[in-house]
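To keep things clear, I will list the structure first and then write my remarks on it.
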Amino acid sequence: MIDIKGITKSFGSLQVLKGIDLHIDKGEVVSIVGPSGAGKTTLLQIIGTLDKPDSGDIIIDGTDVRKLGAKKLSEFRNRRIGFVFQFHQLLPEFTAVENVMLPAFIAGMSKSEAKKRAMELLDFMGLSDRADHKPNELSGGEKQRVAVARALVNRPAVILADEPSGSLDSKNKDELHRLFFDLRDRTGQTFVIVTHDESLAKITDRTIEMKDGMLEMEDELSLNTSS
């Protein structure tokens with residue numbers, strides 16, 4: 001699903017990523033952990049094609065994204081990658097269902113099809129009765145679930161999440177974490193999650209630890225359970 005090899009990235013004289021090699025299988029829920037400044041978000045942004053590495057290769061769902069021109073790369077990002085951020089980043093002037101529909105419009109989906117798809121997702125999130133509410137009328141947990149629905153509307157191959165539960169209370173954190181696994185089991189999508197939340201990292205299929213721009217350790221739960 002995701003293959004990255006030899007990824008480096010510097011900002012001026014500061015080298016943030018120092019040769020990252022990583023493979024993530026389809027349907028895995030993977031967490032990336034480590035101290036602030038380790039390069040976690042930079043790596044996630046490069047996987048998500050929001051930033052370019054200085055060197056290295058990135059293959060996502062069989063596509064060599066570094067060979068795509070700007071237009072094709074934008075189209076690939078819109079259709080094949082979904083993003084969930086720490087703060088929901090919903091547009092305040094639009095309702096929940098309209099916010100979910102936006103990436104579908106960008107992908108060229110018809111209004112009727114986009115609304116049908118958005119409502120299906122909001123129903124799965126338990127938010128069908130909140131579809132016509134604007135973000136300021138929603139709770140923090142509801143806003144983040146709307147953001148997850150927005151990330152899913154184009155049926156992307158991979159969901160990238162950067163501290164997705166960082167602004168939530170314990171109850172909403174637990175609900176959001178369960179939602180990721182429910183979605184993986186339902187859709188087979190791949191999740192890559194940058195987090196400082198130990199409870200989330202412990203339940204993911206694999207935990208990847210970063211330190212000083214390098215991968216320090218991988219804890220594969222499948223190996224732990226078989227030993």
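Overview of results
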| quantity | calculated |
| --- | --- |
| Alpha-carbon Debye profile of the range 1-130, log10 I(q)/I(0) at 0.13, 0.15, 0.21, 0.23 Å⁻¹ | -0.69, -0.88, -1.27, -1.37 |
| Mean separation of Cα contacts under 8 Å (6+ apart) over length of the range 1-77, as relative contact order % | 35 percent |
| Length added when fully stretched, Ser74-Ser199, from 0.36 nm per residue minus Cα-Cα | 41.6 nm |
| Residue-averaged [θ]222 nm for the chain, counting only DSSP H segments that reach four residues, each worth -39500 (n - 2.57) | -11500 deg cm²/dmol |
| Phe11 paired with Asp212, simple spin-label distance in nm, labels 7 Å along Cα-to-beta-carbon | 2.0 nm |
| Choice from Leu160, Leu183, Leu50 with maximal GNM fluctuation in the chain (Cα, 10 Å cutoff) | Leu50 |
| Cα convex hull volume per residue for the range 1-47 (Å³) | 71 Å³ |
| Cα-based shape type of the range 18-80, given that a ≥ b ≥ c are square roots of the gyration tensor eigenvalues and the cut on a/c is 1.5 | prolate |
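Read-outs throughout are calculated quantities, based only on the coordinates presented, and are distinct from any laboratory measurement. Note that the structure is a prediction, hence the values are computed from the model and not measured. A quick note on method: Cβ atoms are made from the backbone with ideal geometry, for glycine too, and the neighbour counts reach across all protein chains shown.
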